[in-house]
């Protein structure tokens, strides 16, 4: 089983609010669901559904968590405002992501 993934995905906004309460996500490809779930099922986690990851988009690296989205059979990667601003990315932008489980 691999613990790193490389893929393209589109940034999307959970709601259309233009204030600090908006949430922005990248949906991991469906193919990653089964692999990630197998890996994390047997590992203890402090927070029930969060999966710790290292992320790289363009020149930025950071650690965060992904969260399962059973409706999409995938995981969601939240993208904070500071990162969107630094990378100059907006909803509907297609982005190359490198992700590693930690």
Angle in degrees between helix 30-41 and the longest Cα principal axis of the chain, rounded to the nearest 10
50 degrees
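For residue 42 and residue 93, FRET efficiency with R0 = 41 Å and r from the beta-carbon atoms, rounded to 0.05? Don't jump to the answer; show the numbers that get you there.
Working: r = 35 Å, r/R0 = 0.86.
Efficiency, from the Cβ-Cβ distance: 0.70.
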Note to self, the chain gives a 222 nm [θ] from helices alone (DSSP H runs n ≥ 4, -39500 (n - 2.57) apiece, / all residues, nearest 500) of -5500 deg cm²/dmol
Any chance you could run the full-extension gain for residue 7 through residue 30? It's 0.36 nm times the residue separation minus the Cα-Cα distance, nm to one decimal.
7.2 nm
Fewest Cβ neighbours within 10 Å first, please rank 10, 64, 41 accordingly.
41, 10, 64
Which distance in nm do the two modelled labels at residue 22 and residue 82 give, with both placed 7 Å along the Cα-to-Cβ direction?
2.0 nm
Just rank 8, 54, 71, fewest to most, by other beta-carbon atoms within 10 angstrom.
71, 8, 54
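Give, to the nearest whole percent, the P(r) tail of the stretch 4-101 beyond 22 angstrom, counting all Cα pairs.
That tail contains 26 percent of the Cα-Cα pairs.
Here, each number is a calculation from the coordinates, and none is a lab measurement. Given the structure is predicted, the values throughout are model-derived calculations rather than measurements. Please note: Cβ atoms are built from the backbone with ideal geometry, for glycine as well, and neighbour counts cover all protein chains shown.
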